[in-house]
Every structure is written in structure tokens, then in C-alpha cells.
1. Which cross-chain or sequence-distant (5 or more) residues have an amide H under 5 Å from the amide H of residue 257, H modelled 1.01 Å from N in plane?
2. Test of understanding: extend the Cα→C-beta vector of residue 73 to 7 Å, then name every residue of the stretch 249-271 with backbone N under 15 Å from that spot.
3. Which entries in 12/32; 263/309; 14/342; 124/282; 192/263; 252/341 show an alpha-carbon gap greater than 27 Å?
4. Please give the FRET efficiency for residue 217 paired with residue 11, using the beta carbon to beta carbon distance and R0 = 25 Å, rounded to the nearest 0.05.
5. So, for the stretch 261-346, what is the accessible surface per residue at a probe of 1.4 Å, expressed in square angstrom?
6. Among all the aspartates and glutamates, which ones have a C-alpha under 14 Å from residue 201's C-alpha, if same-chain residues fewer than 8 places away are not counted?
7. How would the stretch 143-255 be classified by its alpha-carbon gyration tensor: rounded, prolate or oblate, with rounded meaning a/c under 1.5 and the a/b versus b/c comparison settling the rest?
8. Report, by chain and number, residues whose modeled amide H sits under 5 Å from the one on residue 293, excluding near sequence neighbours (fewer than 5 apart, same chain).
Amino acid sequence: HDGATSDQLAKKLKVKLKDMIDKCLDINLLIKSGDYIGIQLANEIAALYDYRAENVAFDEDKVIGKEQLSDEDKSKLPLRNPIIAIMGHVDHGKTTLLDHIRNAKVVNEEAGGITQHIGAYSVKAGKSTLTFLDTPGHAAFASMRQRGADVTDLVVLVVAADDGVMPQTRESVKYCNNAGVPIIVAVNKMDKEGINPDRIKSELADIGITPEEWGGDTQFVPISALKGDGVDDLLESIALQTEMLELRASDKGNVEGVVIESKIEHGRGPVATILVQSGTLKKGDSLVVGETFGRARSLTDHLGKQLSKAGPSTPVQILGLDEAPSPGASVDVVKNEREAKKIVANRVAERKKLEETPKAKVSLEDFFAMA
Ligand code: GDP
Ligand code: MG
């Protein structure tokens, strides 16, 4: 299950249920004992209790200098590119689709550019630039989600027309519903003989993903990832739908980002791909990344081009971290390496303290996995 009752949540947050109900009323949220609470709502309620602050004794946000923007201020921020993930059952064509988009769209526009696999890439689609997460596989998403790093703005759900709805299709739909992420369905392998796309539509409608032409609100785009048919239509659909989301982020102020993937490379040390979410990351910045730190010695994009800076929705590979951070780890820019070390030391100490305290050992996410 991906949820639990209000009573269980209150217990987990170590507060009285009545107190939690009152607090929720303050934000016009009516809950009562026994109500089922989904993960997203649970995180909102947990935020009312500063659940994070409970884990971090000293005020990290103050050290880093985070500021909260009002809704009005947020609406004035510049638009940013959408982040798209491709999900679906194994062998339904996720990798083929990602490869096709990368090969067809990235290299052509940058003559001579050789695409590097860094875990994400950006392509142009009409007026829009779309950033694709190039890490299919649920482990990476699960890991990011566990850290509350839902970076994805839209999911392309790939369903093979010759196979239909399968376990990981259902899992992906559940993930999107929980995270509140909209879906576009790519009905793949349309080049195959004897397939029936209407069957795919009705199977998906059965799990709540109803096509627009059947009165639902999900776009279905028939494609062949192998031959490339329909891929331009798919990109156009993604562009149109994400334009309507009016995604915004500041390219100024405090830098926030998240690790997409990382590894240790021979001769280069820890290499991490970071997706900047807010602010502008610059070469030479001092960073705190999860429980590691360092300086962004170099910034490289998906074409292997050296950058001096990277703004919101830009995936960049960086060198200069002390260790390889986990996917989903948060990225913060701090004044200098000394500050960075201080924050990391504190994070490690707090984690150890939590690990030693049996009642606090279970994370909110683990708790839901158990419920
Ligand atoms: P993934 O596990 O979802 O990443 O699936 P892959 O992209 O690895 O594809 C699995 C298999 O399906 C491979 O043999 C692909 O060549 C094949 N495949 C993917 N897309 C298509 C398509 O549009 N048409 C056909 N006929 N085969 C496809
Ligand atoms: Mg694959």
C-alpha cells in the first residue's frame, strides 16, 4: 500500500491525533480518525510539523540561506523547461524510445556533438525544450521518491500494443497518481502485425487512465519507437501539455538541485549528474550533496560541452565531489568548503543519532511500505 490511516500517521509523527486534526483544519483540510491518507497528503501534513527539522537539529536552511517565496512571487518567476520521465513495463520500448529521441533530436541540432550518457538530456520540440530523464528503471525513481525528490513534471507511459497493461504498467500508474504527475500514454510497437490499440485503451481505462476520445483526460499517442513513427506527435503532445502547466523557477538566489545519477570513474573520481531545480549553479561553487561535499570543478552537458553555469531544468555532470552521492540526494550551494563540511558533519551525526533511536528509525516512506 502507498498510504495509511490518519491515526497511524499521527503516531508516526509522535503527535496526538486531535492535535493533528486541528492543525489540518488550519489549512482547511478536514480529516478524521480512520481516514486513509495517501503519501502526498501525508508529506504535506508532516511538513506542518516540520518533520524534516526534527531530523536536522541545527537550522540548515538558515546556514544555506533558503528563503520562502509567496505564491504571488512564484507566479512571476521565469518559465522553466519541463522534466519528463519515461516509465512502463519491461521490454515495452522505453530504452528504444529514449534512444530514438536522443539520436533523432539531439545530435542533428548540434553538428558534431556526440551525446554522452549523463542520465538526462534536453531536446527541442517546437518552441519548447524538453528535458528527459534517461534513467529508466524503477530503482532510480524509487530512490528519488524516497528522498522526496519528485522532479518529474510529466510521465510518458510506454505500453506495447502487442502486450497491454502489465504489472509495471500498473506500478507506474500508481506512482504517477501518488506523485500527482500527469501521464501521456505512448502506445508503442504500432508497426507490429495484428495489434488492437482499442484493447490497450480499454485496459488502461480499467485502471483509471481514460483516453481523451473516450471522455477521459489522457492523451494516447500511437508510436513505433523502433521506426520512429509518431514520435514527433508524441513530442508535440508533451510540449503542449507541459506548456499548460506553466512551470516556473528562479534562476537567481539559492541553488537547489537533485542528483540524477552518479558513479566513480577511473581517473576522474566521483562523477554526478545534477538537475538544477532553482537558481544557477556555477563552476567553482562549493556544494553540499546529500552527505558529501566538494566544489563543482567542471560542469559538462549531455553533448560533452563545458559549461560555466547551469540554470533551472538543466542537467549537468559535475566533477569535484568527495564521494559519489545517491540518486535523489539534494544539492545545495554554500559559501565555502568549511560551511559544506559543517553541514555534512551534522547530517551524518543526525542520521547516526536517528539510527540509534529505535522509534525514530523508521522513515515516513518505510512506514507506508509497512502499512
Ligand atoms: P524497455 O525494457 O522498455 O527499455 O524496452 P526496449 O526498448 O529495450 O525494447 C524491448 C524490445 O522491443 C527490443 O527488442 C526492441 O527492439 C523492441 N521494440 C521497442 N520498440 C519497438 C517498436 O516500436 N516496434 C517493434 N517492432 N519493436 C520494438
Ligand atoms: Mg530498457
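The values are calculated or read from the model by the stated rules, or taken from the named source; none is laboratory data. Everything quoted here is computed from the prediction, not taken from an experiment. In this analysis, Cβ positions are derived from the backbone assuming ideal geometry, glycine residues included, and neighbour counts consider all displayed protein chains. All accessible areas refer to the heavy atoms of the entire protein, side chains included, with ligands and DNA or RNA removed. Shrake-Rupley method; radii C 1.70, N 1.55, O 1.52, S 1.80 Å.
1. 277, 331
2. Hits in the stretch 249-271 for residue 73 at 15 Å: 249-256.
3. Listed pairs above 27 Å: 14/342; 192/263.
4. 0.10
5. For the stretch 261-346, the solvent-accessible area averages 42 Å² per residue.
6. Straight-distance partners of residue 201: 162, 163, 212, 213, 217.
7. prolate
8. It is 322, 323, by chain and number.
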